[in-house]
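What follows is a short report on a single structure.
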Amino acid sequence: MHRGSMLLLDTLVESGDDGTICEWRVDADGYFVESELGVPAYVGVEFMAQCVAVHAGARARITGLGPPLGFLLGARHFKTSISYFEVGELYRATCRELIRDDSGMGSYDCRILHGDRCVADARLAVLLKEQGQELSE
């Protein structure tokens, strides 16, 4: 579970069976911010991975379990049209589950939007392992 300065996303916008949308605003004091430039675009893979983690956690909660352990195995076809996520700007990460098997291996189509414009996209491969603990209300 991400905490402190490594928790990069601010808000869960929506989550459904096959996808999730999260938002964040780049803070000038953020962990990955480079002086006046912002957050390097390659950190977008981590924003996407955290969106997948939120999606997996939301699905687990519906079934009464705690969040699964998640491992990012790789990112394929990462493309970005920007060099930095700019300080003060609002971005939206989306993930759409393409496939997930019984072993926990999954593939997700992920995007980062700035307004209506897609500024980064990739396909993430992940491994999710259920922890098996039930949540109490």
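The values are calculated or read from the model by the stated rules, or taken from the named source; none is laboratory data. For clarity, every value in this text was computed on a predicted model and none was experimentally measured. Backbone-built Cβ (ideal geometry, glycine too); neighbour counts: all protein chains shown.
Summary table below
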read-out: Identity of the residue in the range 93-113, among the β-branched types (V, I, T) and crowded, with 17+ Cβ neighbours inside 10 Å, that ends up farthest from C51 (Cα to Cα); value: I112
read-out: Some residue of the range 3-10 being farther than 24 Å from S81 by Cβ, surrounded by fewer than 18 Cβ atoms within 10 Å (Cβ to Cβ) and of a type in the set (K, R); value: yes
read-out: Elements of type strands (runs of 3 or more DSSP E) in the range 1-113, at least 2 residues being under 12 Å from the mean Cα position of the chain (by Cα), closer than 17 Å to R123 by Cβ and of a type outside the set (F, W, Y); value: 19-25, 69-80, 90-100
read-out: Top-ranked residue in the range 8-36 [being of a type in the set (F, W, Y) and in contact with a strand residue (DSSP E or B) (Cβ under 7 Å, 6 or more places away or on another chain); ranked as modelled with the lowest pLDDT]; value: F32
read-out: Candidates L69, L124, L90, L65, filtered to the one that is within 21 Å of L12 (Cα to Cα), surrounded by 20 or more Cβ atoms within 10 Å (Cβ to Cβ) and touching a residue at least 60 places away in the same chain (Cβ under 8 Å); value: L124
read-out: Pairs with Cβ under 7 Å, 6+ apart, first in the range 37-56 and closer than 11 Å to C95 by Cα, second of a type in the set (V, I, T); value: F47/I112; M48/I112; C51/T20; C51/T94; V52/V126; V54/T20; H55/T20
